[in-house]
Each structure stands twice: as structure tokens, then as C-alpha cells.
Amino acid sequence: MTDKTSNQMWGGRFAAGPDAIMEAINASIGFDKRMAAQDIAGSRAHAAMLAATGIVSDSDANAMREGLLTVLSEIEGGTFEFSTALEDIHMNVEARLKDIIGEPAGRLHTGRSRNDQVATDFKLWVRDQLDAVAAALEALIRALLTQAEAGADWVMPGFTHLQVAQPVTWGHHMMAYVEMFGRDLSRIRDARARMNECPLGAAALAGTSFPIDREMTARDLGFDRPSANSLDAVSDRDFALEFLAAASISAMHLSRMAEELVIWSSAQFRFVMLSDRFSTGSSIMPQKKNPDAAELIRAKVGRIFGANVALMMVMKGLPLAYSKDMQEDKEQVFDAADNLMLALAAMEGMVKDMAANRPSLEVAAASGFSTATDLADWLVRVLDMPFRDAHHVTGSLVAMAEAKGCDLPDLSLEDMQSVHGEISVSVYDVLGVHNSVASRQSYGGTAPVRVREQIARWKERLG
């Protein structure tokens, strides 16, 4: 496309075309062409509204709407030639529409600006992405529920500070991630509801003198309502920031689980076996099976966090209304969205394929004096001992077991009574890991009966 053509799109304001440097810094078509479908949907709704309000003729509107479908088919078919001289997706589409239908194409931009046009396109794109992320989160949650149901009563160590703390169940651990990703799903749905106001018709910043029907275009594009303030409508990128914020939190959750899978799949833990589909080998060490998918998920958080901070920095100093700085909004969101979707899909695949090593989990659950709290609780409950005293007695017994190189259940009754004479043989009933987890029946606890209740609740919630 020539500079002359570009100047024709601008009108008579500029006598000479931009030089190569200005064209390079000004053009966004290299990335905003991803919004082609949204741009064309917005333009078709705008054309229909222009006809319904009598601003353009029905014949012109029909020509525009049909011509836009032709443009869309060319883009989807890979035959459309994008031009950096035309800067962005909006002017590329409009120029091609003029080639196809001629003079009526010039009426399409009546009553709108590129400012409200790009805000609408971007909102439509982010809204579609929010729907895709919600579906991906639901799929991951379902995979976790399957794991939780299979191992609702399998014991494993629960950790604090990455030190063995108390026994929990595999199902309980999986359900912890269900809750995390469930909050992510809630944030995504909240963000979608909040951003679902249509900027189209705000024009450059002040609205338009044409008798447009903003309710009609909002409705046709699936928005709940038109945005209420034209200045805000063209300068708002909260919807993109909120998407990035929600994506960042979700990516953090993915990274936490990825870290656990890296640890759990190691030879030192052997808690899980990851499938070959999500692992790689070593170029030099034939015994290696590397959890590369989990490691890459862990790394992608940096890109998503970075996108969030980058767009915050772009927006933080902008006066109302639109500034060209806001052209820098899309690449950050596109990259974050791509990487979040990839990470969600990879995590779902790993969770669906992974096999928990139940014997290793159970052996580890019984190690590290994991039932010490159960012993302290028994002293309180049976001997009516103040908890702080029970804590001291238990600590002494742990020190004794440590010195003997055994675990608490391996201490003899005589050993225990040497620390506190009223301890009876019934104490051993609480020192087994299965008894320990079964006793944790408070709401939200690790007891298998509570885990199964939470699984049922989530299944009902997802439908």
C-alpha cells in the first residue's frame, strides 16, 4: 500500500506521507490483526444500526455488511494482504471494503471514531478470551476432581515449610487446588460481568451528533448496556488490566502446583509418575525423565506477571481521554492470554495423566513424626491436660523417638510412660496415619468423608 493511499484514508490534513521510522512506530497491524473478527463484528453491528436509525440507507448498510463478510472470509482464508501503511486492523478492513463495494464503504465510519472502535474490538477480544479461560479452568477443575475422588482416602504427608507436618489425604490435597482454581474461575466470571459495557458510539471522546442507537449496537454485540460516559469509554483499559490481574493470580496457582509436581516426580519423593506426554529425556543421561511441562508452566508466570506490570505502567500517567500510548495495550494481553491458555491446557493434561504412587505416599505420611499433633490432642482429650502442657510432653516424646531413630508409634508404652505416667495403650489408636486423617472431621478437614462431601459439592456446582 502506498503513502498516497494512506494519506487518502487520513484526508487532506497531511501533505506528505510518514517516513519509514514513523510508519514503523505508528503501525499496529502486526499484532492487532488478531482482532479482525471482532473488528468486523463491531462494524457489521454499527452498519445495521446506521440503517435502523436512518443515518445511512438500507442498501448501503447491506452492502457494507455483506462486504465485511467477504473481508472476513479473505482474512480467515489467508488471502488478505495486510498493509503497515494503513497502520491497524480498522483501516486495513475499511480500505479493503472500499475495494469491494466502492463508495458506500466511506459511510461506515459515520458516528464513530477509531477510539471507540478499538475499545470495542479489544473488549470483544478480551471477553472471548475470558470465556476461553473459564472453560479451560473448568476442565482443569474436573481433572482435579477425578484425581481427588480416586484418592479420597489415600494418606500422604501434609507439609508446612516443606517439612512433614500432619497426615492428609491425596483427595484433600487435590481439592486444595480445586478451591484455588475455583477462585480463579470466579474472578474470571466477575471480570466478564463487569467489563460487559459497550464503548461503541462514544466516538472520539465526546459522543456524536448523529442520532445513533447505542442500546441497539450494545445488544447486537452481546453487551449488557452501553458505557455511560464517552470520555471513560474510550480511555478505559480496566477490563484488560483486570484480565491480566486475574491471569496473574491463576498463573501463580499453576506455578505452585507445577512446583509440587516437579518435587513429587523426583527420585527423592516418588509421589507421582508423570506421563511421557508431558516429560522429556536427557541428551546425555538415559535414566532421566524430566518434568519439562511443569517447569515451563512455572516459568511462564514471569511473562504473565510482566504483562500485568507493563500495562499498568502504560496506563498510570495518561490524562483523559485517548492517547496513542494505549496502542501498547494489546501485545501484553495477547501474550499473557496465549501463555495462560497454554499453561492451563498443559496442567490439565498432566493432572489427567499423572499416576499417584500410593505406597510411597503412605510411607511418607507416617514419617517425620507426622502424628505428633494427634498425640498432643489425645493428651488433652483423654487426660484433660492443658494444650501447652500436652505440647511439651509430645515434644519430649518426639525428642526421645528421634534419639532412638524411630517414629512415635514405635516407642514402647514404657517409653511413653517414662515421660508421663498416665499415658495408656489407647494412645496407639491415634498414632496411625489412617486414624489421624479419619479424625479430622471438622468442616474443610482432611477426613475422607469431608473430602467426598467437597467433591460432591463441586460436581453439583459445575453441573
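With A337, A321 as the choices, which residue is of a type in the set (G, A, S), part of a helix (DSSP H, G or I) and either open to solvent by less than 20 Å² (accessible area, probe 1.4 Å) or farther than 28 Å from L144 by Cα (or both)?
Exactly one residue qualifies, and that residue is A337.
So, A148, is that one open to solvent by less than 50 Å² (accessible area, probe 1.4 Å), within 16 Å of Q454 (Cβ to Cβ) and in a loop (DSSP other than H, G, I, E, B) or not? I'd like the intermediate steps shown before the answer.
Working: open to solvent by less than 50 Å² (accessible area, probe 1.4 Å): yes; within 16 Å of Q454 (Cβ to Cβ): yes; in a loop (DSSP other than H, G, I, E, B): no.
In short, no.
Taking helices (runs of 4 or more DSSP H) that do not extend beyond the range 367-463, which have at least 2 residues that are under 30 Å from L144 (Cα atoms) and free of Cβ contacts under 8 Å to residues at least 40 places away in the same chain?
Of the helices (runs of 4 or more DSSP H) lying wholly inside the range 367-463, those with at least 2 residues that are under 30 Å from L144 (Cα atoms) and free of Cβ contacts under 8 Å to residues at least 40 places away in the same chain span 448-462.
Mind checking whether some residue in the range 63-72 is without any contact (Cβ under 8 Å) to a residue 60 or more places away in the chain, under 19 Å from L200 (Cα atoms) and not in a helix (DSSP H, G or I)?
No: zero hits.
Tally up the residues in the range 390-411 that are of a type in the set (S, T, Y) and open to solvent by 40 Å² or more (accessible area, probe 1.4 Å), please.
Counting residues in the range 390-411 that are of a type in the set (S, T, Y) and open to solvent by 40 Å² or more (accessible area, probe 1.4 Å) gives 1.
Filter the range 205-216 down to the residues that are closer than 24 Å to M326 by Cα and open to solvent by less than 40 Å² (accessible area, probe 1.4 Å) and list them by number.
Step one: list which residues in the range 205-216 are closer than 24 Å to M326 by Cα, which gives 205-208, 214.
The one that is closer than 24 Å to M326 by Cα and open to solvent by less than 40 Å² (accessible area, probe 1.4 Å): G207.
Quick check on this structure: which one of A134, A139 is open to solvent by 20 Å² or more (accessible area, probe 1.4 Å) and in a helix (DSSP H, G or I)? Talk me through it step by step, then tell me what you get.
Numbers: A134 fails: open to solvent by 20 Å² or more (accessible area, probe 1.4 Å).
Testing whether each residue is open to solvent by 20 Å² or more (accessible area, probe 1.4 Å) and in a helix (DSSP H, G or I) leaves just A139.
Would a scan of the range 272-290 turn up a residue that is assigned to a loop (DSSP other than H, G, I, E, B), open to solvent by less than 50 Å² (accessible area, probe 1.4 Å) and without any contact (Cβ under 8 Å) to a residue 40 or more places away in the chain?
yes
Quick check, is G106 open to solvent by 50 Å² or more (accessible area, probe 1.4 Å), of a type in the set (G, A, S) and farther than 26 Å from S209 by Cβ?
When the stated conditions are applied, G106 does not pass them.
Going through A245, A251, A233, A206 one at a time, which residue ends up being hydrophobic (A, V, I, L, M, F, W, C), touching a Lys or Arg at 6+ places or on another chain (Cβ under 9 Å) and over 14 Å from V126 (Cβ atoms)?
On the way: A245 fails: over 14 Å from V126 (Cβ atoms); A233 fails: touching a Lys or Arg at 6+ places or on another chain (Cβ under 9 Å); A206 fails: touching a Lys or Arg at 6+ places or on another chain (Cβ under 9 Å).
From the options A245, A251, A233, A206, the qualifying one is A251.
Going by the conditions given, is G222 in a loop (DSSP other than H, G, I, E, B) and under 22 Å from L318 (Cα atoms)?
no
Within the range 286-301, how many residues are under 18 Å from A345 (Cα atoms) and out of contact with any Phe, Trp or Tyr (no Cβ under 8 Å at 6 or more places or on another chain)?
Residues that pass the stated criteria total 7.
Give all pairs with beta carbons closer than 6 Å in which a residue from the range 300-314 that is among the basic types (K, R) meets a residue that is in a helix (DSSP H, G or I) and open to solvent by less than 40 Å² (accessible area, probe 1.4 Å); count only pairs at least 6 apart in sequence or on separate chains.
If the second residue must be in a helix (DSSP H, G or I) and open to solvent by less than 40 Å² (accessible area, probe 1.4 Å), the pairs left are K300/N339; K300/A343; R303/N339.
Answer with yes or no whether A321 is under 16 Å from the mean Cα position of the chain (by Cα) and in the same structural domain as L130 (by the TED database). Break it down stepwise before answering.
Details: under 16 Å from the mean Cα position of the chain (by Cα): no; in the same structural domain as L130 (by the TED database): yes.
Spelling it out, it is not the case that A321 is under 16 Å from the mean Cα position of the chain (by Cα) and in the same structural domain as L130 (by the TED database).
Among the residues of the range 32-58, count how many are over 18 Å from R96 (Cα atoms), open to solvent by 30 Å² or more (accessible area, probe 1.4 Å), assigned to a helix (DSSP H, G or I) and in contact (Cβ under 8 Å) with a residue 24 or more places away in the chain.
1
The values are calculated or read from the model by the stated rules, or taken from the named source; none is laboratory data. Nothing here was measured: the structure is a model prediction, and the numbers come from that model. Virtual Cβ from ideal backbone geometry, glycine too; neighbours counted across all protein chains shown. All accessible areas refer to the heavy atoms of the entire protein, side chains included, with ligands and DNA or RNA removed. Shrake-Rupley method; radii C 1.70, N 1.55, O 1.52, S 1.80 Å.
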